[in-house]
Amino acid sequence: MAAVTKPIAVMKRYELKYLLSPAQTEFFKERIKGYMELDQYGLTSIASLYYDTPTYRLIRTSIEKPMFKEKIRLRSYGLATDDSPVFLELKRKAYGIVYKRRVQSTIPAVNKFFEKEGDICAGGQINREITTFRDYYEELVPACLIIYDRMAYFQPNGDLRLTIDHNPRYRSDYLGLKYSMEGISLLPEGYTILEVKVQQAIPLWLTDILSEGKIYKSSFSKYGEAYKQQLQKIQKSKFK
């Protein structure tokens, strides 16, 4: 199959995460009215298939909280098919700044790419970066599927973006984007994950809202939490 030659996105920004209780979620949604607008898609179900080495080298490194970490994932919006667009993302974080390389493709093309049978896109710098990443880790396989229902907000005439992820869940089997959007919950019922995405400083009005709602920054990682939960299940089963 020929490589997909859709637009490629390069992103550089700060991403700050917060865990919200049900009450904080409602408070925050109410307080940002007038500052932020919900994007045109409304509530969107997103699935991200994370690739890792057979020994989970990437996520084990990530949860140690190093100054530099990286991951690669394949994302779909809703259930995917072999023909629908999916997005391969190489995401790196260094000294608090997130750098993301993203290319549109299809599931068959991505499968061939990880089998080292071809490029992921039509050449260029992004192709070289993603290919170098794949080759450096030698063997990358589907490791964990993360699913959530996202509400995304944007600031008119500004660079600020906010997302609120409801019902984050995961699967460690049936690791594909074509099967279902079901999974095991990562958080207590009603809790959400707020992400603040900005290229510069957080505006004062948002700082005031976070302070008023007693909403504090967290280092929560969906894939990291899923990995920890799976380890706990394995450890418990050993003592039964």
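Of all residues in region 213-231, those satisfying the criterion of being closer than 16 Å to residue 171 by Cβ and of a type outside the set (A, V, I, L, M) are 222, 223, 224, 225, 227, 228, 229, 230. A count restricted to region 206-228 and to residues that are in a loop (DSSP other than H, G, I, E, B), farther than 18 Å from residue 145 by Cβ and touching a strand residue (DSSP E or B) at 6+ places or on another chain (Cβ under 6 Å) stands at 1.
Within region 192-220, take every residue that is surrounded by 13 or more Cβ atoms within 10 Å (Cβ to Cβ) and not hydrophobic (A, V, I, L, M, F, W, C) and give me the one that is nearest to the chain's Cα centre (by Cα). Step by step, filter region 192-220, then rank; the result is 195. Restricting the first member to region 77-93 and to residues that are exposed (fewer than 15 other Cβ atoms within 10 Å of the Cβ), and the second to residues that are β-branched (Val, Ile, Thr), the beta-carbon pairs closer than 6 Å and six or more apart or on different chains are 82/107. Among the residues of region 194-237, the one identified as β-branched (Val, Ile, Thr) and over 27 Å from residue 29 (Cα atoms) is 234.
Restricting to region 138-174, what's the tally of residues that are of a type in the set (S, T, N, Q), in a strand (DSSP E or B) and in contact (Cβ under 8 Å) with a residue 60 or more places away in the chain? Qualifying residue count for the region: 0. A search for C-beta distances below 6 Å between a residue of region 175-193 that is closer than 11 Å to residue 145 by Cα and any residue that is of a type in the set (Phe, Trp, Tyr), counting only pairs 6+ apart in sequence or on different chains, returns 183/170; 184/170. The set of residues in region 1-56 being at pLDDT below 90, among the small types (Gly, Ala, Ser) and closer than 30 Å to residue 127 by Cα consists of 2, 3, 9.
Residues of region 88-137 that are over 14 Å from residue 71 (Cβ atoms) and either among the small types (Gly, Ala, Ser) or part of a strand (DSSP E or B) (or both): 96, 97, 103, 104, 105, 109, 118, 122, 123, 124.
When the residues of region 57-83 are filtered to those that are touching a strand residue (DSSP E or B) at 6+ places or on another chain (Cβ under 7 Å) and either more than 16 Å from residue 137 (Cβ to Cβ) or among the polar types (S, T, N, Q) (or both), the one that is modelled with the lowest pLDDT is 67. Taking the numbered list (1) closer than 26 Å to residue 225 by Cα; (2) without any contact (Cβ under 8 Å) to a residue 12 or more places away in the chain; (3) over 18 Å from the mean Cα position of the chain (by Cα) in turn, residue 61 passes all entries but (3). Name the single residue that is farthest from residue 57 (Cα to Cα) among those in region 120-163 being surrounded by fewer than 20 Cβ atoms within 10 Å (Cβ to Cβ) and of a type in the set (Gly, Ala, Ser). Filtering first and then ranking leaves 158. Considering region 115-164, the residues that are among the small types (Gly, Ala, Ser) and out of contact with any Leu (no Cβ under 8 Å at 6 or more places or on another chain) include one that is farthest from residue 52 (Cα to Cα), namely 158.
The values are calculated or read from the model by the stated rules, or taken from the named source; none is laboratory data. Please read these numbers as outputs of a predicted model, since none were measured by experiment. Please note: Cβ atoms are built from the backbone with ideal geometry, for glycine as well, and neighbour counts cover all protein chains shown.
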